[in-house]
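Student: Please find one structure pasted underneath; my questions will follow.
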Ligand SMILES: Nc1ncnc2c1ncn2[C@@H]1O[C@H](COP(=O)(O)OP(=O)(O)OP(=O)(O)O)[C@@H](O)[C@H]1O
Ligand SMILES: [Mg+2]
């Protein structure tokens with residue numbers, strides 16, 4: 001079990017290193033002139049040279065890469081070209097927003113999706129199952145920004161016109177400042193993520209559960225004389241959750257790198273918003289930092305998924 | 001008249017499917033008493049499993065007819081909670097493939113204690129002690145250590161022993177073993193059959209062994225019932241089935257039992273069992289029967305007393321062997 005995890009972690013570090021190489025090659029070695037971009041068109045050649053020197057861009061590529069790597073190993077992601085702030089503090093400041101958004105959304109869509117999936121699987125072709133199918137088709141076919149805007153329109157704007165301000169239309173309040181306001185500001189973004197993703201999860205749960213219902217060990221469980229509740233939740237669901245966990249790892253890993261659309265629709269100052277701003281201002285170190293952080297989350301989510309597999313399924317632990 | 005522990009009368013089981021109703025069991029009656037073993041034999045698809053599992057309400061979606069008196073109560077008329085109290089506690093099942101029939105993600109001890117705690121107020125600790133005792137009883141070495149292993153850590157034969165331990169956990173009156181040895185190696189098969197037989201002698205429960213192999217019931221069954229296309233083709237005590245079989249289908253099955261001496265090749269019955277959706281006219285076996293008479297193609301024979309032994313009945317129009325029955329009587 002420990003060896004299994006250590007191997008996964010080492011492999012994850014290897015993947016991250018490869019990504020860092022790719023990022024370095026793409027962003028620092030690619031033919032463009034960041035010093036000139038920072039100094040501006042009017043600047044003298046001397047100024048540009050100084051900027052270049054300060055950024056270390058006048059050194060040989062291998063030396064630059066070495067410095068890049070050493071700084072990376074210390075968690076130093078360099079400075080923003082745009083306002084000279086450390087990239088790390090920029091990212092750290094945005095992280096709680098993206099984290100709150102993603103984790104809250106994930107909990108909501110899991111409850112919604114898995115719940116609907118279980119109900120549909122237990123009563124296939126029932127009215128409930130059929131309505132769930134319609135809901136799922138809707139969820140699958142609607143783009144995130146549309147769901148977000150619709151929620152904004154009906155639950156913020158229309159209510160606002162009626163003089164009810166139940167849900168704020170945007171912005172973020174740190175949890176440490178006011179948990180209640182934190183949640184209130186995040187409800188609509190959470191709902192957006194949940195409505196878009198619950199569809200996938202309910203289909204996944206339903207299909208997986210229906211398959212497991214046909215397994216011999218579920219028949220054994222029924223033959224023991226335990227309640228149907230127990231058969232479903234203790235015996236069938238345990239196996240049926242495997243594909244759900246996989247999907248959850250993919251989705252959460254991807255969203256932690258920046259829920260770009262949702263953050264921008266609701267004006268949440270998260271990583272996704274920072275990414276969009278940095279692309280607009282061509283702030284390379286920040287873009288690189290976000291790419292690396294996003295990659296880190298994807299890799300970390302994969303390791304967590306592997307770990308959960310091992311927890312769920314003893315047969316995996318032997319490998 | 002002797003009243004058996006289990007008395008099934010006119011059981012019918014039909015599955016509605018898009019292709020039409022599947023008549024898996026078409027009116028069969030049988031019984032088994034404490035301390036006795038009934039062997040149900042037939043090819044794949046003859047309705048053996050469905051007949052047995054329907055008794056416990058484990059064939060969802062089926063429409064069921066007839067009566068199944070168990071200790072005087074009709075299983076088929078019970079509500080779900082009533083039936084749940086019977087399942088696992090008074091009637092237990094041992095399934096064919098112990099690898100797929102045990103939950104791969106739970107320890108065997110957990111799976112056994114779950115059954116115990118579902119039906120008794122036993123404490124966790126008491127249930128665990130009982131599970132250890134059961135594992136020892138079915139011949140698992142060092143049960144105290146093995147109880148926390150997962151199914152994949154056992155060999156096939158040992159897994160089937162775990163299944164048997166689980167079935168016996170609550171001291172059931174009836175155990176249904178549905179092809180308990182089909183998934184196992186030949187040598188292990190014999191061990192498992194011995195174990196079942198021995199435990200039945202010790203505990204005195206009724207046992208139904210379902211198999212497609214007459215060899216499996218040769219040593220263990222008191223009564224044998226041969227099924228074909230959802231009906232009973234022939235039923236009698238074991239000796240009669242093996243030495244005075246009447247139905248050509250039984251004779252065919254006997255031809256495919258490997259002989260002890262090892263000589264003589266298997267002679268499986270030619271042709272395929274009929275589809276339960278489109279059964280042949282008359283006797284369902286007639287397309288494959290070497291002794292087909294004109295009557296067989298139009299009229300389905302009922303179970304007729306053929307007198308090879310007490311209770312010997314066969315669903316075949318062929319005359320009784322007159323010479324032999326004279327000797328008998
Ligand atoms: N849920 C179901 N829906 C439709 N048909 C079914 C269902 N369960 C069983 N059947 C059909 O009923 C018939 C009898 O099945 P059953 O499982 O009792 O056969 P069996 O004698 O136990 O054979 P095997 O040796 O394959 O276990 C088969 O033709 C099978 O296809
Ligand atoms: Mg079967």
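Student: How many residues are surrounded by fewer than 16 Cβ atoms within 10 Å (Cβ to Cβ) and either within 30 Å of residue B:31 (Cβ to Cβ) or touching a strand residue (DSSP E or B) at 6+ places or on another chain (Cβ under 7 Å) (or both) if we restrict to the stretch B:131-175?
Tutor: Going through the stretch B:131-175 one residue at a time, the tally reaches 1.
Student: Hey, another quick one. Would you please list the contacts, defined by Cβ atoms under 8 Å and residues six or more apart or on different chains, that run from a residue in the stretch B:96-118 that is within 28 Å of residue B:48 (Cα to Cα) and modelled with pLDDT of 95 or more to a residue that is in a helix (DSSP H, G or I) and within 16 Å of ligand 1 (Cβ to nearest atom)?
Tutor: The qualifying pairs are B:101/A:216; B:101/A:219; B:101/A:220; B:102/A:220; B:103/A:220.
Student: While we're looking at this one, here's another question. For residue B:75, indicate whether it is within 16 Å of ligand 2 (Cβ to nearest atom), modelled with pLDDT of 95 or more, crowded, with 18+ Cβ neighbours inside 10 Å and more than 30 Å from residue B:255 (Cβ to Cβ).
Tutor: On the way: within 16 Å of ligand 2 (Cβ to nearest atom): no; modelled with pLDDT of 95 or more: yes; crowded, with 18+ Cβ neighbours inside 10 Å: yes; more than 30 Å from residue B:255 (Cβ to Cβ): yes.
So residue B:75 does not fit the description; no.
Student: Please find, among B:134, B:193, B:184, the residue that is under 16 Å from residue B:211 (Cα atoms) and either in a helix (DSSP H, G or I) or at pLDDT 95 or above (or both).
Tutor: Of the residues listed, the single one that is under 16 Å from residue B:211 (Cα atoms) and either in a helix (DSSP H, G or I) or at pLDDT 95 or above (or both) is B:193.
Student: From the list A:171, A:207, exactly one residue is over 19 Å from residue A:110 (Cβ atoms) and either surrounded by fewer than 18 Cβ atoms within 10 Å (Cβ to Cβ) or within 14 Å of chain B (Cβ to nearest Cβ) (or both). Which is it?
Tutor: From the options A:171, A:207, the qualifying one is A:171.
Student: When the residues of the stretch A:223-238 are filtered to those that are part of a helix (DSSP H, G or I) and surrounded by 24 or more Cβ atoms within 10 Å (Cβ to Cβ), which remaining residue is farthest from the other protein chains (Cβ to nearest Cβ)? Steps first, please.
Tutor: So in the stretch A:223-238, the residues part of a helix (DSSP H, G or I) come out as A:223, A:228-238.
Applying the additional criterion that residues be surrounded by 24 or more Cβ atoms within 10 Å (Cβ to Cβ) yields A:223, A:235-236.
Working: A:223: 5, A:235: 6, A:236: 10 Å.
Looking at the filtered set, the residue picked out is A:236.
Student: Let me ask something additional. Give me the pairs, please: first residue somewhere in the stretch A:176-205 and not assigned by TED's automatic domain parsing to the domain that holds residue A:144, second residue anywhere and buried (at least 24 other Cβ atoms within 10 Å of the Cβ) and assigned to a loop (DSSP other than H, G, I, E, B), beta-carbon distance under 6 Å, and either six or more positions apart or on two chains.
Tutor: Here the result reads none, with nothing in the stretch A:176-205 linked to a residue that is buried (at least 24 other Cβ atoms within 10 Å of the Cβ) and assigned to a loop (DSSP other than H, G, I, E, B).
Student: Keeping to the stretch B:108-126, report how many residues are within 28 Å of residue A:310 (Cβ to Cβ) and crowded, with 19+ Cβ neighbours inside 10 Å.
Tutor: Adding up the residues that qualify gives 7.
Student: Also, quick follow-up: State whether the residues of the stretch A:211-219 include one that is within 14 Å of chain B (Cβ to nearest Cβ), under 20 Å from residue A:308 (Cβ atoms) and at pLDDT 95 or above.
Tutor: Yes, the stretch A:211-219 has at least one match.
Student: Looking at A:137, A:128, which is the one that is assigned to a helix (DSSP H, G or I), under 25 Å from the mean Cα position of the chain (by Cα) and either over 24 Å from residue A:266 (Cα atoms) or touching a residue at least 12 places away in the same chain (Cβ under 8 Å) (or both)?
Tutor: Going through A:137, A:128 in turn, the sole match is A:137.
Student: Quickly run through the stretch B:14-35 and pick out the residues that are within 16 Å of ligand 1 (Cβ to nearest atom) and part of a strand (DSSP E or B).
Tutor: Correct list: B:14, B:15, B:22, B:23, B:24, B:25, B:26, B:27, B:28, B:30.
Student: Residue B:38: in a strand (DSSP E or B), buried (at least 17 other Cβ atoms within 10 Å of the Cβ) and either more than 12 Å from ligand 2 (Cβ to nearest atom) or in contact (Cβ under 8 Å) with a residue 40 or more places away in the chain (or both), yes or no? Show your work before the answer.
Tutor: Working: in a strand (DSSP E or B): yes; buried (at least 17 other Cβ atoms within 10 Å of the Cβ): yes; either more than 12 Å from ligand 2 (Cβ to nearest atom) or in contact (Cβ under 8 Å) with a residue 40 or more places away in the chain (or both): yes.
So residue B:38 fits the description; yes.
Student: Right, here's the next one. Go through (1) within 24 Å of the chain's Cα centre (by Cα); (2) part of a helix (DSSP H, G or I); (3) crowded, with 19+ Cβ neighbours inside 10 Å for residue A:277 and report which single condition fails.
Tutor: (3)
Student: Follow-up. Scanning the stretch B:119-138 for residues that are over 22 Å from residue B:52 (Cα atoms) and touching a residue at least 24 places away in the same chain (Cβ under 8 Å), which turns out farthest from the other protein chains (Cβ to nearest Cβ)?
Tutor: This residue is B:137.
Student: Anything in the stretch B:93-108 that is more than 23 Å from residue A:233 (Cβ to Cβ) and either facing chain A (nearest Cβ under 7 Å) or part of a strand (DSSP E or B) (or both)? List them, or say none. Outline the logic, then answer.
Tutor: To start, the set of residues in the stretch B:93-108 that are more than 23 Å from residue A:233 (Cβ to Cβ) comprises B:94, B:96-99.
Answer for the stretch B:93-108, where residues must be more than 23 Å from residue A:233 (Cβ to Cβ) and either facing chain A (nearest Cβ under 7 Å) or part of a strand (DSSP E or B) (or both): B:94, B:97.
Student: Further question: Can you name the residue in the stretch B:59-72 that is within 14 Å of chain A (Cβ to nearest Cβ) and surrounded by fewer than 18 Cβ atoms within 10 Å (Cβ to Cβ) and, of all such residues, is farthest from ligand 1 (Cβ to nearest atom)?
Tutor: Top of the filtered list is B:60.
Student: Name the pairs: first residue in the stretch B:168-186 and farther than 18 Å from residue B:56 by Cα, second residue within 16 Å of ligand 1 (Cβ to nearest atom) and not in a helix (DSSP H, G or I), Cβ to Cβ under 7 Å, at least 6 apart or on different chains?
Tutor: Close Cβ pairs satisfying both conditions: B:182/B:96; B:183/B:96; B:183/B:97.
Student: Now, a different point. Before we move on, is residue B:15 in contact with a strand residue (DSSP E or B) (Cβ under 9 Å, 6 or more places away or on another chain), modelled with pLDDT of 95 or more and closer than 26 Å to residue A:215 by Cβ?
Tutor: For residue B:15, the condition - in contact with a strand residue (DSSP E or B) (Cβ under 9 Å, 6 or more places away or on another chain), modelled with pLDDT of 95 or more and closer than 26 Å to residue A:215 by Cβ - is met.
Student: For a quick check of your reading: which helices (runs of 4 or more DSSP H) sit entirely within the stretch A:1-74 and have at least 1 residues that are touching a residue at least 60 places away in the same chain (Cβ under 8 Å)?
Tutor: Values: elements: A:2-24, A:34-39, A:45-54, A:61-73.
The helices (runs of 4 or more DSSP H) meeting that bar are A:2-24, A:34-39, A:61-73.
Student: May I ask you to say which residue of B:53, B:11 is within 14 Å of chain A (Cβ to nearest Cβ), within 16 Å of ligand 1 (Cβ to nearest atom) and either in contact (Cβ under 8 Å) with a residue 60 or more places away in the chain or in a strand (DSSP E or B) (or both)?
Tutor: B:53
The values are calculated or read from the model by the stated rules, or taken from the named source; none is laboratory data. Just so it is clear, the structure is predicted and the values come from calculations on it, not from any experiment. Note: ideal-geometry Cβ built from the backbone for every residue, glycine included; neighbour counts use all protein chains shown.
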